């Protein structure tokens, strides 16, 4: 309730008795025929406002019928009582409007498990847990925009429909249209949904200099995990003239500024979530924010991990290994005790567009690892040499015709650029501590699951 | 060039001689073997920075080869000369890096027509016109977020994949996936791309109170016009407890604040575009910003239009007419000489979810009309009565099963809400004065057109 938030976060905001009118939904309702305590929530925070009804002017039979979930508009006097258990409450004077909730309203308490809530995505944000997550999600997105605005980045909309296959990584969804016999975009023209905005984003970085995309991306991978969605949002900055070191600095700074500002705005939601995680969440986030990034070469990371290889499930630790979450977490949590950017990966498991180092074995890529979850960001300096890029496309059997426009950027002004991608729902998971990505987006889409 | 922008917009920002290093792309290059004037652009504004090369330390043959489009990093001294034709220029000291442009670079001057430029969406933002449009587009989007952030709105991601048909208006795209034999989301489950985020947005307004979506939406309408895209971005706020009057106030304020702030940030781009429109654009925008909104009942608008019906192509002006652009423009430009919100439309051509007025003929909808283009925003108060809503769904032969979750919101806490939608590219057209929507989005998608 924003009245409560203001009162608690801005001392002196209300003083003595203040006339107010509040609108919200009932979280709880207890009392008898002479006095009623109704907790009201207006969606602005997980904190409720207690509204007290007493006196002959109220219909206590009606008040008894206003079950949790009902809408209520009430006028009264705000009473700041900083020393009592409820530091602020509303003494009701008049009910202006209300709408009773139907009896079969499925959210009857806060003790519903997350799987059940996933069946009602249109209602679950009214629980304390999902409300906290979704408020933080909104603020994270808004802080991302604010971060880029303050640094003169231009927001750019990469297309959703694309005739390219993106990174060549991940299965794509096809688009059709019954009215044109699937030829909406032209005969023999394939239209898929973008798996990344990066390639188009690069075209805008050349000429616009500093751009970022923030939009939905799609993968048709038929796997049910806690970390994958078929539809998810990505943040993808791309900066002309930047090299690997500069783009890593941007990634580190972006994450820390956005997370710090979001935590500051969501004291109560973070407290609530922190309690749910037995006080693990907030110390983890604070440790992350207070610890400088360590940059480590992939080869060095492999050497360090090989020293303790027996503790891993995958013990085959040598140059060429695509690090698993267990390895990533060990690096950031145990070996370096800090966020870690691993750089210069073997080119074999990285995308075709990454800058090829002189050793002919590695690319100027980075993965940013954070304690608690492992990889949160992946990025790279881009290959700017036309011939090297074309050779790599051929080596990987990617259709060069499809990508001619992208290749041509290297002949048309692409001297150097770097960028990275953040899976936005992964970031929401990290900051809220929830462990299933289906709870990090309002309407999750996964194999077999498309509600509403 | 941000150096130029800073200098011109913030007097005293540079003074005398300042050492700088600049990175950008060459817009023009003239001179001889003894002196070179290179205009450099870094993507921050349509204004270029003139870089002067003179002296024996430069390779003038090389300089001659740096054609427009080439990338250049150069060190020098910034010389503020406020009283000369070039109020600021860079006297080059050293070329740090460069990359020559290939000979077949298609943007050889600024005189390319827009149709030709649409064939090269990956490059066209490097022309003054498209650069101006795309910079303004980015700022409009960022100002929209800032507006909502400042007013405690929560950003909400409506799903792109949906099993609903949205408003029942407009053809939808179908999604398939070759690997699961088109059953990615389950057998007999239809997955389409959302035509609106509104219905899902409403679910979040109940509980979150003030939300907005800002994401891509899709229409598979096989029509080629200057005003339609198959993929476009929509801004859709939804506010619980708001009635029609309140939501119109929000729409009016949002538009004016966002446009005012955007113009203030893009003095040079607006000047450039204003010149292209023979000084029509800026006066039109300023008139719009300075003129209060007129709210007029649909019936009254019809009566006024009927008085002059002979001037219209469609002269059949009576209750029931779905206003055309010619009527809309006449209302806002001639009759009321102000932005106009037409309210209380006949229910027959409006969507099922709109609040049904007591007259049983009209709905509490509004269209916001602006001089120069007509409708820019459409919205309404929502019907909150379950039975009335269901009856309307049946009358319109919409599948009620699909929408049961939406209907149920009326039993589960939906006392009142209102919202509207802005087609973002229409807004870009309005503020930039361009007349084809294909030039308002980086990679336009229309029937037969899916480049990259």
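The values are calculated or read from the model by the stated rules, or taken from the named source; none is laboratory data. Computed from a prediction, not measured in an experiment: that's the story for all the values here. Don't worry about glycine lacking a Cβ; one is built from the backbone with ideal geometry, like all the others, and counts go over all protein chains shown.
Output yes when any residue across the range B:397-404 is crowded, with 20+ Cβ neighbours inside 10 Å, within 29 Å of residue A:106 (Cα to Cα) and within 12 Å of chain A (Cβ to nearest Cβ), and no when none is. It would help to see each step written out before you state the result.
Taking the range B:397-404 as the starting set, the residues that turn out to be crowded, with 20+ Cβ neighbours inside 10 Å are B:403.
Filter again for within 29 Å of residue A:106 (Cα to Cα), leaving B:403.
So of that shortlist, the ones also within 12 Å of chain A (Cβ to nearest Cβ) come out as B:403.
Yes.
So, of the residues in the range A:219-242 that are facing chain B (nearest Cβ under 8 Å) and at pLDDT 95 or above, which turns out to be surrounded by the fewest Cβ atoms within 10 Å (Cβ to Cβ)? Outline the logic, then answer.
Going through the range A:219-242, the residues facing chain B (nearest Cβ under 8 Å) turn out to be A:220, A:222, A:230-231, A:233, A:240-241.
Now drop any that are not at pLDDT 95 or above, which leaves A:230-231, A:233, A:240-241.
Working: A:230: 26, A:231: 22, A:233: 23, A:240: 27, A:241: 19.
Checking each candidate, the answer is A:241.
So which of B:112, B:120, B:107, B:101 is more than 10 Å from chain A (Cβ to nearest Cβ) and either in a loop (DSSP other than H, G, I, E, B) or under 28 Å from the mean Cα position of the chain (by Cα) (or both)?
Criteria check complete, one pass: B:112.
Residue under question is residue A:86, and the condition is that it be assigned to a loop (DSSP other than H, G, I, E, B), within 13 Å of chain B (Cβ to nearest Cβ) and within 21 Å of residue A:272 (Cα to Cα); does it hold? If you could, list the steps in order and put the result at the bottom.
On the way: assigned to a loop (DSSP other than H, G, I, E, B): yes; within 13 Å of chain B (Cβ to nearest Cβ): no; within 21 Å of residue A:272 (Cα to Cα): yes.
Against the criterion (assigned to a loop (DSSP other than H, G, I, E, B), within 13 Å of chain B (Cβ to nearest Cβ) and within 21 Å of residue A:272 (Cα to Cα)), residue A:86 does not qualify.
Out of the range B:40-58, which residues are away from chain A (no Cβ under 14 Å) and not in a loop (DSSP other than H, G, I, E, B)?
Answer for the range B:40-58, where residues must be away from chain A (no Cβ under 14 Å) and not in a loop (DSSP other than H, G, I, E, B): B:50, B:51, B:52, B:53, B:54.
Just one of (1) more than 10 Å from chain B (Cβ to nearest Cβ); (2) part of a helix (DSSP H, G or I) trips up residue A:201, so point out which.
Among (1) more than 10 Å from chain B (Cβ to nearest Cβ); (2) part of a helix (DSSP H, G or I), residue A:201 violates only (1).
If residue A:171 meets every condition in (1) part of a helix (DSSP H, G or I); (2) surrounded by fewer than 22 Cβ atoms within 10 Å (Cβ to Cβ) apart from one, which number is that one?
(1)
Which condition number in (1) within 14 Å of chain B (Cβ to nearest Cβ); (2) under 23 Å from residue A:240 (Cα atoms); (3) surrounded by fewer than 21 Cβ atoms within 10 Å (Cβ to Cβ) is the one that residue A:358 fails?
Checking residue A:358 against (1) within 14 Å of chain B (Cβ to nearest Cβ); (2) under 23 Å from residue A:240 (Cα atoms); (3) surrounded by fewer than 21 Cβ atoms within 10 Å (Cβ to Cβ), the one that fails is (1).
Failed condition for residue B:246, given (1) surrounded by fewer than 18 Cβ atoms within 10 Å (Cβ to Cβ); (2) without any contact (Cβ under 8 Å) to a residue 60 or more places away in the chain; (3) out of contact with any helix residue (DSSP H, G or I) (no Cβ under 8 Å at 6 or more places or on another chain), with all others met?
Of (1) surrounded by fewer than 18 Cβ atoms within 10 Å (Cβ to Cβ); (2) without any contact (Cβ under 8 Å) to a residue 60 or more places away in the chain; (3) out of contact with any helix residue (DSSP H, G or I) (no Cβ under 8 Å at 6 or more places or on another chain), only one is false for residue B:246: (2).
Evaluate the following for residue B:94: is it on the phi < 0 side of the Ramachandran plot, exposed (fewer than 14 other Cβ atoms within 10 Å of the Cβ), in a strand (DSSP E or B) and away from chain A (no Cβ under 11 Å)?
Numbers: on the phi < 0 side of the Ramachandran plot: yes; exposed (fewer than 14 other Cβ atoms within 10 Å of the Cβ): yes; in a strand (DSSP E or B): yes; away from chain A (no Cβ under 11 Å): yes.
In short, yes.
Every residue, every condition in (1) surrounded by fewer than 20 Cβ atoms within 10 Å (Cβ to Cβ); (2) modelled with pLDDT of 95 or more; (3) not assigned by the TED database to the domain that holds residue A:272, yes or no:
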residue: A:24; (1), (2), (3): no, yes, yes
residue: A:40; (1), (2), (3): no, yes, yes
residue: A:56; (1), (2), (3): yes, no, yes
residue: A:67; (1), (2), (3): yes, yes, yes
residue: A:72; (1), (2), (3): no, yes, yes
residue: A:80; (1), (2), (3): yes, no, yes
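Pick from A:78, A:140, A:130: which is away from chain B (no Cβ under 14 Å), within 28 Å of residue A:264 (Cα to Cα) and either out of contact with any strand residue (DSSP E or B) (no Cβ under 8 Å at 6 or more places or on another chain) or touching a residue at least 40 places away in the same chain (Cβ under 8 Å) (or both)? Don't jump to the end; show me each part of the working.
Values: A:140 fails: away from chain B (no Cβ under 14 Å); A:130 fails: away from chain B (no Cβ under 14 Å).
Result of the check over A:78, A:140, A:130: A:78.
In the range A:437-452, what residues are within 14 Å of residue A:173 (Cα to Cα) and within 7 Å of another protein chain (Cβ to nearest Cβ)? Spell out how you get there, then give the answer.
So the first thing to find is which residues in the range A:437-452 are within 14 Å of residue A:173 (Cα to Cα), and the list is A:445-447.
A:445, A:447, listed by residue number.
Restricting the search to the range A:176-191, which residues are in contact with a strand residue (DSSP E or B) (Cβ under 6 Å, 6 or more places away or on another chain) and either more than 10 Å from chain B (Cβ to nearest Cβ) or modelled with pLDDT of 80 or more (or both)? Talk me through it step by step, then tell me what you get.
Our first condition is that a residue be in contact with a strand residue (DSSP E or B) (Cβ under 6 Å, 6 or more places away or on another chain); within the range A:176-191, this holds for A:176, A:182, A:191.
Listed by number, the residues that qualify are A:176, A:191.
Is it fair to say residue B:330 is crowded, with 18+ Cβ neighbours inside 10 Å and touching a residue at least 40 places away in the same chain (Cβ under 8 Å)?
Details: crowded, with 18+ Cβ neighbours inside 10 Å: yes; touching a residue at least 40 places away in the same chain (Cβ under 8 Å): no.
For residue B:330, the condition - crowded, with 18+ Cβ neighbours inside 10 Å and touching a residue at least 40 places away in the same chain (Cβ under 8 Å) - is not met.
Mind listing whichever residues of the range B:149-163 are in contact (Cβ under 8 Å) with a residue 60 or more places away in the chain and either more than 8 Å from every other protein chain (Cβ to nearest Cβ) or farther than 30 Å from residue A:45 by Cα (or both)?
So the first thing to find is which residues in the range B:149-163 are in contact (Cβ under 8 Å) with a residue 60 or more places away in the chain, and the list is B:153, B:158, B:163.
B:153, B:163 - these are the residues of the range B:149-163 that are in contact (Cβ under 8 Å) with a residue 60 or more places away in the chain and either more than 8 Å from every other protein chain (Cβ to nearest Cβ) or farther than 30 Å from residue A:45 by Cα (or both).
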